[in-house]
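The values are calculated or read from the model by the stated rules, or taken from the named source; none is laboratory data. Because the structure is a prediction, the values reported are computed rather than measured. For neighbour counting, all protein chains shown are included, and Cβ atoms are generated from backbone atoms with ideal geometry for every residue, glycine included. Side chains are part of the model used for accessible areas, which takes the heavy atoms of the whole protein and leaves out ligands, DNA and RNA. Shrake-Rupley method; radii C 1.70, N 1.55, O 1.52, S 1.80 Å.
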Amino acid sequence: NLWKEPKYRQIEPTPAFEGKPLGAFGDVLEFAITDPQDRQVLLDWITWSLNNEAAKPSWAVFLFSEEKGMGKSTILEFVRALFGEENCSAQNGIEGVTGRFPEDILNKKIITLEEVKLTSFSSAGNTLKEYITGTSVSVERKNRNERVRLPLRAGFLLTSNHRPSWLEGGE
């Protein structure tokens, strides 16, 4: 198990603001995700992932906005802070996770992928889908001439400013 308890869990929590249980992060969420149900889905995903550190969610969170500056990256920073940076991998694009040696990335609890750009039925998209929904994967080890079966425990959060035309029906 590569999980490391985040340092903030040793700190005494400060009292919550009356009527604002999420504090300033609640304001960011309301700005970035205007639909209350969508906000609740994200919060439920985060809560489940925190409460089930040894398990993985079977679906990913995808934050999309054609406009920049809407808070997508801020949400990802907050999630990485909640899980502890040592338990997260932050990637720009999907090449690192869908490339030849993804073991170090896939051994994290949370993987954030920003600026995701894919085309329909791409091999990278199929690989990403396998990582999100699968329970294990065979990967090649860097600097070794071997493949290993790796259990998949990571939850994925993706962002893009590009319309996700690569998503297939029902995804």
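Of the chymotrypsin sites (Phe, Trp or Tyr not before Pro) in the range 52-125, the ones in a loop by DSSP (not H, G, I, E or B) with at most 10 other beta carbons within 10 Å are F121.
Can you grab the distance from the C-alpha centre of the range 32-86 to the C-alpha centre of the range 100-137, Å, no decimals? The two parts, judged by their Cα centres, are 17 Å apart. Rounded to the nearest Hz, the phi-derived 3J(HN,Hα) couplings of the range 58-63 under the Karplus curve 6.51 cos²θ - 1.76 cosθ + 1.60 (θ = phi - 60°) are 8, 9, 10, 9, 10, 9, where x marks glycine and proline.
Applying both filters, DSSP loop and at most 13 other Cβ atoms within 10 Å, to the GluC sites (Glu not before Pro) of the range 123-152 gives E146. Our coupling estimate for the range 15-27, obtained by passing each phi through the Karplus curve with A = 6.51, B = -1.76, C = 1.60 and θ = phi - 60°, is x, 6, 6, 4, x, 9, x, 9, x, 5, 5, x, 5 Hz, Gly and Pro reported as x. Label sites at K142 and E77, each approximated as a point 7 angstrom past Cα along Cα to Cβ, lie 2.6 nm apart. Rounded, prolate or oblate: which fits the chain when a ≥ b ≥ c are the square roots of the eigenvalues of the alpha-carbon gyration tensor, with rounded for a/c under 1.5 and prolate only if a/b beats b/c? Oblate.
At an R0 of 22 angstrom, the distance between the Cβ atoms of L43 and T135 translates into a FRET efficiency of 0.30. Rounded to the nearest 10 degrees, the inclination of helix 123-133 to the longest alpha-carbon principal axis of the chain is 60 degrees. Site pair S123 and W3 shows an inter-label distance of 3.5 nm when each label is modelled 7 Å from Cα along Cα→Cβ. Per-residue extension of 0.36 nm, minus the Cα-Cα distance of D104 and K68, leaves a gain of 10.0 nm for this segment. For G155, the shell of other residues with beta-carbons less than 11 Å away shows a net charge of +3, using +1 for Lys and Arg and -1 for Asp and Glu. Full extension of the chain between L22 and E115 gives 30.8 nm of extra length, using 0.36 nm per residue less the Cα-Cα distance. Surface analysis of the range 48-112 yields an accessible area of 48 Å² per residue, using protein heavy atoms and a 1.4 Å probe. Ligands, DNA and RNA left out, the accessible area of the range 1-45 computed with a 1.4 Å probe is 57% carbon and sulfur. Taking other residues whose beta carbon is less than 14 angstrom from the beta carbon of D38, and scoring Lys, Arg as +1 and Asp, Glu as -1, yields -1.
Determine the gain in length on full extension of the stretch N52-E12; use 0.36 nm per residue of separation and subtract their C-alpha separation, reporting nm with one decimal. Net length gain for the segment: 12.2 nm.
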